[in-house]
Structures are given as C-alpha cells and as structure tokens.
Amino acid sequence: MIKNIIFAWLILCYVTPGKLWAQNLELEAVLDMAMENNPLLKQVENQRIISVNEVKSALSGWMPQVGMAGDYNRYFSQPVAIFPDFNNPESGEFQEVRTGVPFNSSLRFSADQPIIDNELIRSLQQSDDQKKQADQLLQELKTNLTVAVTQMFYEVLLAQEQVSLTQEDLRRQQKQLTDAQLLYEAGLTDQIDLKRAEMTLQNTQAALYQYQQDIEIRKAQLNELLGRPGSADLTLYAPYEQLLQEIHIDTLQGFVPEQRIEFRLLQTQVALQDAELSYEKRRFLPSLSAFYNYNLLFLSPIGNTLYQQAYPFSLIGLRLSYPIFQGGRRRHDYKIAALKRQNLELEKNALSNTISTELQEALSNYKKQLYQFKTQEGNKQLAEEIYEIISLQYQEGIKNFLELIVAETDLRTARINYYRSLFGVLTSKTSLQRARGEIQSEP
C-alpha cells in the first residue's frame with residue numbers, strides 16, 4: 001500500500017507542469033512554427049521558385065540568341081577540286097587542282113531572332129498559368145498543413161487534459177486510501193474498503209500512465225508536422241473560455257466549389273491544357289527566324305603568319321522551317337491533347353461531386369459532435385452533483401465506500417467524455433471549414 005502511494009506521488013511529480021514541457025504555445029504560434037519549419041512545405045516553396053525560373057528560362061527564347069564559334073584547321077593533304085580545261089574548254093577534259101592553304105582558321109559571330117516559333121508561343125501562353133499553378137500547389141499544401149496542425153493541436157490538448165483530470169483523481173484517491181487505512185487500523189471497517197481503495201488507486205495509476213504515453217505519441221506526431229524531432233519538448237495552451245467560444249459555426253452558410261483550392265488548381269490545369277491543345281493545332285504552321293552572321297576567315301600557307309591577315313564577310317537572312325510529312329504524328333498528338341482536355345473536364349465534375357460529399361459528411365459529423373458535446377456537458381454536471389452528494393453522505397456514514405467509488409468513477413468518465421466531445425467538436429469544425437474552403441493560406 002505504501003509502495004503504491006509512493007509510486008503515485010512519483011507519477012504526479014513527473015508530469016508536473018514545467019518538467020515535462022519546455023514552453024507554452026497557443027495555436028497561432030504552433031501554426032507559425034509549422035509554416036516556418038515544415039520540410040515538405042519548404043520543398044514546395046523551392047519548387048515554386050523553380051517553376052518561376054523555368055518560365056523565365058522558356059520565355060528567354062524570344063530574346064536574340066547571340067553566340068560565337070571558332071575553329072582552327074591544319075591540312076596535311078589539301079582538298080582537290082575538279083575544273084574544266086580553261087585553256088581548251090571545248091576539249092571536254094578536266095584537271096585536278098589543289099585548293100586552299102595548309103593553315104586556316106575562322107571566327108564566327110551569330111545572332112538569331114525567332115519570329116514565329118510554336119514552342120515559344122506555347123511558353124508565352126502558359127507562363128501566367130504555370131506561375132499560378134505553382135502558387136496554388138503551395139497554397140494547397142499550406143491549407144492541408146493548417147488543418148493537420150490544428151487537429152493535432154487539439155489532440156495534444158485532449159491528452160494533456162486527460163492527464164490533468166487523472167492527476168486530480170489520483171490525489172483524491174490517495175487521501176481515500178489513507179482514510180481507509182486509518183479506519184481499518186482503528187477497527188471501524190474491515191479490509192474490504194481498504195482493498196477497494198487500493199484497487200481503485202492502481203487502476204487510476206494505470207490510466208494516468210496510458211494518458212502520459214498518449215501525450216508522447218501526439219507530441220511526436222505534432223513535432224513531425226512542425227519539422228522538429230519527435231522528442232522535442234513542447235507544451236500547448238488554449239484558454240478554456242476561448243475553446244467554448246470557438247465551437248459554434250454557421251451550418252446554413254452557402255458554398256460553391258470554387259472556394260476550394262483543389263477546384264481552382266484543377267481549373268488552372270484546364271487552362272494549361274487549353275494552351276497545349278492550341279500548341280498542337282499550330283504545329284501545322286512553319287517556323288520563321290531572322291539571323292545575322294559575321295565571319296572572320298584567316299588563311300596562310302605558313303602557320304606562324306596565320307592570324308596576320310583576316311578576310312571578313314557577313315550576311316543577314318531569314319530561315320524558314322516546315323515539316324511536310326511526319327507520318328501522321330501531328331494529328332495523333334492533337335487527339336492525345338484533346339482527350340487529356342476531356343479527362344480534365346471529367347475530373348472537374350468528379351471533384352465537384354467529391355467536394356459535395358465531403359461537405360455533407362463534415363457537416364453531419366459536426367452536428368453529431370456538437371449534439372454529443374451538449375449531452376456530455378449535462379452528464380458532467382449531473383456526475384459532479386451526484387459525487388458531491390454521495391461524498392457528503394459517505395462522510396456522515398450514510399453511504400458505503402463502494403457507492404463512493406462508483407460515483408467517483410462516473411465523475412471521471414463524465415469529465416473525460418466531456419473534454420473528448422469538446423475537442424471532437426473543435427476538430428470536426430476544422431474539417432467543416434476545410435470542406436467549405438474557408439481555411440485559406442497565402443502562397
């Protein structure tokens with residue numbers, strides 16, 4: 001018996017506020033920490049920057065493309081050209097003539113300006129939507145992270161509240177065990193009350209240990225969302241009155257699918273696919289570009305005098321490219337793009353139905369949790385009143401110890417159920433706000 005009392009006292013000391021946790025954080029601070037440290041969010045933020053730079057890289061093709069190239073050649077055997085016999089052209093005979101010089105080099109400067117280029121037109125048409133898609137992907141992840149962190153925040157608070165309630169029960173039961181021991185030693189009661197008090201204390205100790213481990217699990221899960229090690233110390237805080245004020249939400253508010261980030265993201269994907277479809281249509285058009293070349297040619301029969309004399313020449317022109325026959329490839333690619341566009345429309349219709357179902361489920365679950373909370377609130381009040389009455393009657397000898405234990409068990413169960421239903425309402429409210437698209441995060 002004494003060993004159980006000491007064990008219970010050690011447990012109470014172990015979970016004393018300030019020893020298990022290192023700091024107090026409210027929901028807003030926890031959300032800020034998640035937005036700052038979540039590794040997956042950082043990856044998507046980097047991907048957003050990558051997407052912006054990919055767009056800029058693709059659009060840079062509209063700028064003049066300037067380049068330079070050079071070469072150096074040393075002929076060991078000069079090329080041969082066949083010419084007619086200029087002394088006697090009518091003879092029909094030809095003569096072989098070695099052309100060029102053993103040493104030659106060239107330096108070329110070129111500038112190309114695209115005028116009609118289907119690839120660049122597609123990049124231009126998709127540039128804004130690609131940036132928008134990157135922003136929306138980041139916003140979607142932030143929204144999901146906000147929901148996940150908020151719900152896990154409530155899970156940790158519930159676990160902490162369960163520990164606090166069980167600690168209170170343990171202190172009360174320690175006193176009851178001491179009283180039962182004194183009454184037994186005085187010969188006023190038999191061992192039954194003493195053994196019942198000891199058994200009740202042991203059950204409460206087991207429950208307290210279970211709730212302590214629940215805190216460790218929930219804390220590790222929340223730390224993962226926050227981008228922190230699972231063992232990092234963390235304590236959460238939310239004013240009880242504030243929680244009660246936050247449980248209500250307008251259940252009659254209207255909703256349109258465009259409020260959901262997933263729907264807007266899909267609309268952006270449709271716009272991107274429209275640009276892809278236009279690209280496939282334009283593949284029957286030619287490509288046109290203008291160019292300017294400036295060349296420096298160096299020729300010499302002796303290597304060390306090669307670069308003493310330059311022979312420059314330059315030209316400007318237009319370059320037209322048109323594939324005449326590709327085996328029907330362009331027609332097939334257009335059909336593929338059209339079918340992908342059709343699939344996106346089907347996906348949008350399916351998403352609307354999914355969102356509608358999700359909204360109805362979230363709304364029904366919120367109403368169910370709110371009704372359960374009102375019920376448990378009344379049960380808690382009744383259990384507290386019953387326990388107070390039986391406790392007084394027990395002290396006056398009207399009720400026996402078993403009835404006191406039953407009343408105490410009912411009280412603990414009612415309180416725990418009350419807080420479970422309270423945080424259940426808050427969690428279901430968050431899910432309802434998510435289903436409505438009311439939880440929005442800036443990219």
Checklist entry - So Glu198 clears everything in (1) in a helix (DSSP H, G or I); (2) under 24 Å from Ser431 (Cα atoms) except one condition, right? Which one? => result (2)
Checklist outcome for this item: In the set Leu188, Leu208, Leu194, Leu236, the lone residue that is within 30 Å of the chain's Cα centre (by Cα) and not basic (Lys, Arg) is Leu236
Item to check | Answer residue from segment 132-170, given it is more than 29 Å from Ser421 (Cβ to Cβ) and charged (D, E, K, R) and is farthest from the chain's Cα centre (by Cα) among those | outcome: Lys132
Item to check | When residues of segment 20-35 are limited to those that are touching a residue at least 24 places away in the same chain (Cβ under 8 Å) and either aromatic (Phe, Trp, Tyr) or in a helix (DSSP H, G or I) (or both), the one surrounded by the most Cβ atoms within 10 Å (Cβ to Cβ) | outcome: Ala34
Checklist entry - Pairs, please: C-beta under 7 Å, at least 6 apart or cross-chain, first residue over 15 Å from Glu408 (Cα atoms) and exposed (fewer than 14 other Cβ atoms within 10 Å of the Cβ) and in segment 180-205, second small (Gly, Ala, Ser) and modelled with pLDDT of 80 or more? => result none
Next on the checklist: Test of understanding: among Ser364, Ser421, which residue is touching a Phe, Trp or Tyr at 6+ places or on another chain (Cβ under 8 Å), assigned to a helix (DSSP H, G or I) and either among the small types (Gly, Ala, Ser) or under 30 Å from Lys281 (Cα atoms) (or both)?
Outcome noted: Ser421
Checklist entry - Has segment 71-92 got any residue that is within 27 Å of Asn293 (Cα to Cα) and touching a Leu at 6+ places or on another chain (Cβ under 7 Å)? => result no
Next on the checklist: Considering only segment 207-214, I want to know if a residue exists there that is hydrophobic (A, V, I, L, M, F, W, C), part of a helix (DSSP H, G or I) and crowded, with 17+ Cβ neighbours inside 10 Å.
Outcome noted: yes
Checklist entry - Quick check: anything in segment 388-406 surrounded by fewer than 19 Cβ atoms within 10 Å (Cβ to Cβ), part of a helix (DSSP H, G or I) and basic (Lys, Arg)? => result no
Checklist entry - If Asp129 satisfies every condition in (1) under 36 Å from the mean Cα position of the chain (by Cα); (2) surrounded by fewer than 18 Cβ atoms within 10 Å (Cβ to Cβ); (3) acidic (Asp, Glu) but one, which is the exception? => result (2)
Checklist outcome for this item: For Thr354, the lone unmet condition from (1) touching a residue at least 40 places away in the same chain (Cβ under 8 Å); (2) closer than 28 Å to His248 by Cβ is (1)
Item to check | Residue in segment 59-70 that is surrounded by the fewest Cβ atoms within 10 Å (Cβ to Cβ), counting only those that are outside any strand (DSSP E or B) and in contact with a strand residue (DSSP E or B) (Cβ under 9 Å, 6 or more places away or on another chain) | outcome: Met63
Checklist entry - Considering only segment 319-339, how many residues are outside any helix (DSSP H, G or I) and either loosely packed, with under 10 Cβ neighbours inside 10 Å or under 36 Å from the mean Cα position of the chain (by Cα) (or both)? => result 5
Item to check | Residues of segment 88-108 classified as aromatic (Phe, Trp, Tyr) and out of contact with any Ser or Thr (no Cβ under 9 Å at 6 or more places or on another chain), total | outcome: 1
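The values are calculated or read from the model by the stated rules, or taken from the named source; none is laboratory data. Values in this document were obtained by computation on a predicted structure and should not be read as measured data. We place every Cβ from the backbone using ideal geometry, glycine too, and count neighbours over all the protein chains shown.
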